[in-house]
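Input: a single structure, listed below in structure tokens.
The values are calculated or read from the model by the stated rules, or taken from the named source; none is laboratory data. Note that the coordinates shown come from a computational prediction; the quantities given were computed from them, not determined experimentally. Backbone-built Cβ (ideal geometry, glycine too); neighbour counts: all protein chains shown. Accessible surface is based on the protein model in full, side chains and every heavy atom, while ligands, DNA and RNA are left aside. Shrake-Rupley method; radii C 1.70, N 1.55, O 1.52, S 1.80 Å.
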Amino acid sequence: MVAVTLVVAAGVYTLSPWTVVAGDKPKGVVNTIGSPGVAIRGYDPVAYFKDGKATRGKAEHVAQYKGATWRFASAENKATFEADPAKYEPVYGGYCAYGVAQGYLVKIDPNAWAIKDGRLYLNYDAGVQATWAKDPLGYIKKANARWPKLIAKP
């Protein structure tokens, strides 16, 4: 990942790879960055467990949970989720697990994921996932400590 430098009338700003720009800010405990109102950018959370891969959900198979719309590849996956959503929802509301460990709420790539101890963790992209995979338990410990502060109401 590379930092980006912006030159605007008010000055020069450097955005870290974790910067969330205006209009794409975290809105709550479920990550809908990049797909307003839709969790996991429209991917099916059950498919990660059931099929072992990232699978796009369909508009005809949706459920509401924690203020977001969740999409599913099938009616069966939707029913599975509705029976136990806490089992299938991604950790840290679907924000990048490595980003949370670093103290940031950032978007994810639904194809950058891992299941650890029966929980789904998502990452910013494949490169970040590779870094996270080098010490998942260490990053999980850091993220668990930072998560409550990141989602606290100001």
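A few remarks follow.
- The listed residues LEU122, LEU137, LEU150 rank as LEU137, LEU150, LEU122 when sorted by accessible area, largest first, using a 1.4 Å probe.
- The separation of segment 32-98 from segment 107-154, counted between C-alpha centres, amounts to 16 Å.
- With DNA, RNA and ligands ignored, accessible area of LYS53 (1.4 Å probe; Å², nearest 10): 110
- Relative to the Cα centre, the charge distribution of segment 50-90, modelled as +1 at Lys and Arg Cβ and -1 at Asp and Glu Cβ, gives a dipole magnitude of about 160 debye.
- All-pairs Cα distance distribution in segment 29-93, expressed in whole percent, bin size 5 Å: 4, 22, 34, 29, 11, 1
- Once all protein chains are placed together, ASP135 keeps about 70 Å² accessible to a 1.4 angstrom probe.
- Rolled with a 1.4 Å probe across the full set of protein chains, the surface gives ILE151 an accessible area near 60 Å².
- Between LEU137, ALA83, TYR124, the Cα set farthest toward the positive side of the dipole of segment 77-154 (charges on each charged residue's Cβ, about the Cα centre) is that of LEU137.
- Above 14 Å, the calculated P(r) of segment 86-154 contains 51 percent of its Cα-Cα pairs.
- Projecting label points 7 angstrom from Cα along Cα→Cβ for ASP84 and ALA59 puts them 3.3 nm apart.
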